[in-house]
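Report on one structure; see the data block that follows.
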Amino acid sequence: MSVKDILDKEDFSKENLITLLQSSGEDRLLLFTRSGKIKADNIGNKVWFRGLIEFSNVCGKDCLYCGIRKGNKNLTRYNLSDEEIIEAAKFAWKNRYGSIALQSGELESPDFTERVEKLLNKIKELSRGELGITLSVGEQKPEVYKRWFDAGAHRYLLRVEATNEKLYNKIHPLNSKHSFRKRMDCLKSLQDTGYQTGTGVMIGLPYQTLDDLAGDLLFMKDFNIDMCGMGPYIEHADTPLIEVKETLLPLQERFDLTLKMIAIIRIMMKDINIVAATALQAIDPIGREKAVKIGANIIMPNITPGKYRDSYKLYDNKPCTDDSAEDCQSCLEARVSLADCDVVYGEWGDSKHYENRRQASGYRLQENPDA
Ligand code: 5AD
Ligand code: FES
């Protein structure tokens, strides 16, 4: 079936998705034009900021691709003080970012649970409830997710990384700390708790096929995600997967596949929030703007205090590690307007998909103050 015919269908089969992922020339442009139009019609030409605070690079896990994995000894570990985190949140609030995202390596402990809970309370208090808060601190017990939800976090990002269990097991150590089943259970638990739930995968991983990527797209639709964060895989010299570097697609192809994945998920899920991942910019200087043009509507400017940024290197060539929060804001604003979009200030910018789910569920889920 031709790309044009596929794009006119309501639902895509796995074969259709593979055809779209393989598209080139005119067909590829057709895909991007369609996804850009769907974004404009359903979301508008808008972008919302989530001020990203990478508050600690201490991680208890050992994912084979990740630069901050526990086993990487070539790295200075840091942990921001509560005051530094609060200052960064204040910066976001004063600059009318609607939301922040708190991200760190993965730790599970009563102390960590309590620390995050207290931070959530403080941030809600200082911003008089105005700052929306996304958490991205990995796999936790259902009761922990619930405590943080009750303390004011309302969105959670947990990338599944790969939905084919066999592939998942090739990029993680084979032990109970890195279980595919647990990851899936966590995603379900987040959704059941009432979070706007976000997930996504890395694109261009070693061993990954187009069939896998098509499966990832079908999973996200079937799981009914509210938010999507996907980025290209970029090898890191101090990780085990560097050994299979020769088998990878060229960076430019990983970049292009990521754009196609974003365009396709926008067509499949018209009202979700889609992040223009920072990793896109590690490959193409205007990578994030390209993603915004074809479907993404969220950018996460880094507001981590500058001295720590160099140590949160998930992958090589991570951009913006020398900038300050102010630099990031003005740079990103100019960039977003290059993509003919406007940054929306002072709004949470919640996933419309979540709102639609909430209405369908008889308003059991959490209310969106922008609606
Ligand atoms: N390349 C690209 N993305 C990576 N991440 C971790 N390591 C890499 C890498 N080498 C992504 C994972 C994780 C997110 C925080 O960063 O998808 O969920
Ligand atoms: Fe930290 Fe994977 S290495 S969660």
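The values are calculated or read from the model by the stated rules, or taken from the named source; none is laboratory data. Since we're looking at a predicted model, the values are computed, not measured. Positions of Cβ are generated from backbone atoms using ideal geometry, with glycine treated the same way; all protein chains shown enter the neighbour counts. Each accessible area value is taken on the protein alone, full model and side chains, heavy atoms only, with ligands, DNA and RNA left out. Shrake-Rupley method; radii C 1.70, N 1.55, O 1.52, S 1.80 Å.
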Electrostatic dipole magnitude of region 129-233 [Cβ: Lys, Arg +1; Asp, Glu -1; Cα centre; debye, to 20]: 320
Surrounding net charge for Ala101, when Lys and Arg each add one and Asp and Glu each subtract one, Cβ distance under 10 Å: +1
Region 126-231 - Rg (one decimal) and Dmax (whole number), Cα, Å: 14.6, 47
Segment Arg96-Leu174, extension gain: residue separation times 0.36 nm, minus the distance between their alpha carbons: 23.7 nm
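Show me 173-186, 126-139, 28-41 ranked by packing, highest mean number of other Cβ atoms within 10 Å first.
Details: 173-186: 14.6, 126-139: 19.6, 28-41: 17.8.
Per-residue Cβ counts within 10 Å, averaged per peptide and sorted highest first, yield 126-139, 28-41, 173-186.
With a cut-off of 8 Å between alpha carbons and a minimum separation of six or more residues, what is the relative contact order of region 1-133 in percent? Present the calculation step by step, with values, prior to reporting the outcome.
Working: 127 pairs, mean separation 31.0, N = 133.
Here the relative contact order equals 23 percent.
Over the chain, calculate the relative contact order: mean separation of alpha carbon pairs under 8 Å at least 6 apart, over the residue count, as a percent.
23
Can you pull the percent of region 177-314's accessible area that's carbon plus sulfur, 1.4 Å probe, other chains left in place? Walk me through the intermediate numbers first.
Details: 2350 of 4280 Å².
Ligands and nucleic acids excluded, carbon and sulfur give 55 percent.
How much net charge surrounds Asp211 when only the other residues with a Cβ under 12 Å from the Cβ of Asp211 are counted, with Lys and Arg +1 and Asp and Glu -1?
Details: positive: Lys14, Lys166; negative: Glu15, Asp212, Asp216.
Summing Lys/Arg as +1 and Asp/Glu as -1 gives -1.
Pairs to check: Lys70/Lys124; Lys118/Lys221; Lys46/Lys318; Lys9/Lys313; Lys221/Lys307; Lys122/Lys270. Give those whose C-alpha atoms are more than 29 Å from each other in this structure. Don't skip to the end; give the middle numbers.
Values: Lys70/Lys124 31 Å; Lys118/Lys221 34 Å; Lys46/Lys318 25 Å; Lys9/Lys313 41 Å; Lys221/Lys307 39 Å; Lys122/Lys270 35 Å.
Cα-Cα > 29 Å for Lys70/Lys124; Lys118/Lys221; Lys9/Lys313; Lys221/Lys307; Lys122/Lys270; rest within.
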Estimated 222 nm signal from helices in the chain, with DSSP H stretches of n ≥ 4 weighted -39500 (n - 2.57), rounded to 500: -13500 deg cm²/dmol
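Pop out the Kirkwood hydrodynamic radius of the chain from its pairwise C-alpha distances, inverse of mean 1/r, in Å to one decimal. Walk me through the numbers on the way to the answer.
Details: mean 1/r = 0.0484 Å⁻¹.
One decimal place: 20.6 Å for the Kirkwood radius.
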Pairwise centroid distance, computed over Cα atoms, of region 238-258 with region 142-211, Å: 22
Disulfide-incompatible cysteines by the Cβ rule (no partner under 4.7 Å) in the chain: Cys59, Cys186, Cys228, Cys320, Cys328, Cys331, Cys341
Largest-first ordering by accessible area, 1.4 Å probe, given options Glu15, Glu246: Glu246, Glu15
Protection-proxy order for peptides 225-232, 1-8, each taking the mean of Cβ atoms within 10 Å per residue, highest first: 225-232, 1-8
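List the pairs from Lys4/Lys352; Lys39/Lys94; Lys4/Lys37 whose alpha-carbon separation is above 19 Å, in the order I gave them.
Numbers: Lys4/Lys352 27 Å; Lys39/Lys94 29 Å; Lys4/Lys37 15 Å.
Flagged as over cut-off: Lys4/Lys352; Lys39/Lys94.
So for region 300-354, averaging the separation of alpha carbon pairs under 8 Å that are six or more residues apart and normalising by length, what relative contact order in percent results?
Numbers: 28 pairs, mean separation 17.3, N = 55.
With pairs under 8 Å counted, the relative contact order is 31 percent.
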Net charge dipole size for region 201-257 [Lys, Arg +1 and Asp, Glu -1 on Cβ; Debye, nearest 20]: 80
Surrounding net charge for Glu84, when Lys and Arg each add one and Asp and Glu each subtract one, Cβ distance under 11 Å: -1
Which of Asn164, Thr247, Met261, positive extreme of dipole for the chain (C-beta unit charges): Asn164
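Could you compute the FRET efficiency for Asn42 and Asp327, with r as their C-beta to C-beta distance and R0 at 22 Å, rounded to 0.05?
Computed FRET efficiency for Asn42 and Asp327: 0.10.
Using only alpha carbon positions, build the gyration tensor of region 24-114, then give the equivalent ellipsoid semi-axes as the square roots of 5 times its eigenvalues, largest first, whole angstrom.
Numbers: eigenvalues 249, 102, 23 Å².
Gyration-tensor ellipsoid for region 24-114: 35, 23, 11 Å.
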Partners for Lys290 among aspartates and glutamates (Cα-Cα distance below 20 Å; same-chain residues under 8 apart left out): Glu26, Asp27, Asp41, Glu253, Asp256, Asp271, Glu333, Asp340, Asp342
